[in-house]
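What follows is a single structure, written as structure tokens, with notes after it.
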Amino acid sequence: MSDSPLFTPIQWAGFTLTNRMALAPLTRGRAGADRIPNKIMGDYYVKRATAGLIISEATSISEEGLGWVDSPGIYTDAMVAGWRSVTSRVHEANGRMVLQLWHCGRASHSDFHEGELPLSASAVKLEGDEIHTPEGKKAYEVPEPMTHDDIRRTVADFRQAAINAKAAGFDGIEVHAANGYLINQFLDGRSNQREDEYGGSIENRYRFLGEVMDAVLEVWPASQVGVRLSPNGVFNDMGCDDFRELYRYVAQQLNQLQVGYLHVMDGLGFGFHERGEPMTLAEFRSFYDGMLMGNCGYDKAQAETRIAEGDGDMIAFGRPWITNPDLPYRYQHNVPLTDFDDPSQWYGGGAEGYSDYDMYREESGKQELEKIS
């Protein structure tokens, strides 16, 4: 058995997490057209309940926030009930789970919005590959700049989503401010070209995230709220010249709020904007005091090093968990991992390639795979 620092328990929000491994939020598109969490989603998450902390897939706070085919939502009673069926099963398996709150902003298309353009900080088109819409692949569009009324309504949507997450039985929430989605579009000077109090200076570009945080902290204690940032990422056409100053400021503001954790995409697996040296967990540790979580491309050895050296408190793993639902057991017992057999099944579909992967167990010295239904 491994004596890895990944398996040292840690306290979070009054809970004892049994290991330092978080299940990263993985958008898998299994909720169907009604966007209501369902049984196979419950099967998927309960198999991964041995994570120290499960972070749900990105979940839309409103219809305006949609931008991914068959992703789940948290803005109707049926969605709340669907998520409750998932969290109850995770808790029965002694797992802990937070809901990631998501608004796609310009990383969307009018096909998701009955012909209305998606919203963003400014009328700046996402330059990138085509987007998958309900009507097929299409080019990104120039988004509609958000008015002050739009901003107030969206902040209220985040607050209601936080209320709904509590009603659905989650142990906390994560505010998605990364990967080129709406909040990130306000933070980044490439996508935010506003000339009002939400644009220009770093302090102004932070304002929208600050208002979202104020709203969700009316619902949840700060200790049960995490925030995800991607300082190095180019995904969804991100990356500004003052990124280092920007994310230092953002982290310092969140530090003052004493949020439950800061989830930093410090790895370069999603691409790097190359506007300076990449920001590291160690750098964030120098100006952020709370629980710090790294992510993006980590393997076991890299994760152990970051924790052993004190740079991070937890590490989130994504792709290895797709085909290895009992990843903590495999890492702890040095069991070989199952490779991806069909990445075409990552997004959309049913149980196949999603909730049907085998668990590993050891009995009387004999190793075998076990199908868990």
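The values are calculated or read from the model by the stated rules, or taken from the named source; none is laboratory data. Note that the structure is predicted; figures quoted are calculated from it, not measured. Cβ atoms come from the backbone with ideal geometry, glycine included; neighbour counts cover every protein chain shown.
Computed values, structure above
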{"read-out": "Filter result (within 18 Å of residue 319 (Cβ to Cβ) and over 15 Å from the mean Cα position of the chain (by Cα)) within segment 21-40", "value": "30"}
{"read-out": "Qualifying residue in segment 52-73 (condition: part of a loop (DSSP other than H, G, I, E, B) and within 20 Å of residue 328 (Cβ to Cβ))", "value": "yes"}
{"read-out": "Which numbered condition residue 219 fails, given (1) farther than 28 Å from residue 164 by Cα; (2) not in a helix (DSSP H, G or I)", "value": "(1)"}
{"read-out": "Count of segment 89-106 residues which are out of contact with any helix residue (DSSP H, G or I) (no Cβ under 8 Å at 6 or more places or on another chain), surrounded by 22 or more Cβ atoms within 10 Å (Cβ to Cβ) and in a loop (DSSP other than H, G, I, E, B)", "value": "0"}
{"read-out": "Flag if residue 167 is surrounded by fewer than 16 Cβ atoms within 10 Å (Cβ to Cβ), under 25 Å from residue 210 (Cα atoms) and more than 18 Å from the chain's Cα centre (by Cα)", "value": "yes"}
{"read-out": "Identity of the residue in segment 32-71, in contact with an Asp or Glu (Cβ under 6 Å, 6 or more places away or on another chain) and surrounded by 24 or more Cβ atoms within 10 Å (Cβ to Cβ), that ends up nearest to residue 110 (Cα to Cα)", "value": "61"}
{"read-out": "Hits in segment 284-307 (condition: free of Cβ contacts under 8 Å to residues at least 12 places away in the same chain and under 24 Å from residue 241 (Cβ atoms))", "value": "286"}
{"read-out": "Residue that is farthest from the chain's Cα centre (by Cα) [pool: residues in segment 1-20 that are buried (at least 20 other Cβ atoms within 10 Å of the Cβ) and not in a loop (DSSP other than H, G, I, E, B)]", "value": "6"}
{"read-out": "Only one of 264, 234 that is more than 19 Å from residue 303 (Cα to Cα) and surrounded by 17 or more Cβ atoms within 10 Å (Cβ to Cβ)", "value": "234"}
{"read-out": "Residue ID - nearest to residue 162 (Cα to Cα), chosen from residues in segment 75-88 that are assigned to a helix (DSSP H, G or I) and of a type outside the set (Gly, Ala, Ser)", "value": "80"}
{"read-out": "Test result for residue 7, of a type outside the set (Val, Ile, Thr), in contact (Cβ under 8 Å) with a residue 40 or more places away in the chain and in contact with a Lys or Arg (Cβ under 6 Å, 6 or more places away or on another chain)", "value": "no"}
{"read-out": "Residues satisfying the stated conditions in segment 308-352, i.e. closer than 19 Å to residue 46 by Cβ, free of Cβ contacts under 8 Å to residues at least 24 places away in the same chain and surrounded by 15 or more Cβ atoms within 10 Å (Cβ to Cβ)", "value": "320, 338"}
{"read-out": "Residues of segment 160-182 classified as closer than 22 Å to residue 68 by Cβ and either modelled with pLDDT under 95 or not hydrophobic (A, V, I, L, M, F, W, C) (or both), total", "value": "7"}
{"read-out": "Count - residues of segment 135-159 that are within 30 Å of residue 293 (Cα to Cα) and either surrounded by 17 or more Cβ atoms within 10 Å (Cβ to Cβ) or touching an Asp or Glu at 6+ places or on another chain (Cβ under 7 Å) (or both)", "value": "6"}
{"read-out": "Filtered residues of segment 129-176 (kept if closer than 22 Å to residue 72 by Cα, in a strand (DSSP E or B) and not charged (D, E, K, R))", "value": "131, 132, 133, 136, 172, 173, 175, 176"}
{"read-out": "Residue satisfying all of: in segment 25-46; in contact with a Ser or Thr (Cβ under 7 Å, 6 or more places away or on another chain) and of a type in the set (Gly, Ala, Ser); nearest to residue 170 (Cα to Cα) among these", "value": "42"}
{"read-out": "Candidate set from segment 286-304 (those that are at pLDDT 95 or above and touching an Asp or Glu at 6+ places or on another chain (Cβ under 8 Å)); member that is surrounded by the fewest Cβ atoms within 10 Å (Cβ to Cβ)", "value": "291"}
{"read-out": "Residue in segment 283-290 that is more than 15 Å from residue 358 (Cα to Cα), of a type in the set (Lys, Arg) and in a loop (DSSP other than H, G, I, E, B) present", "value": "no"}
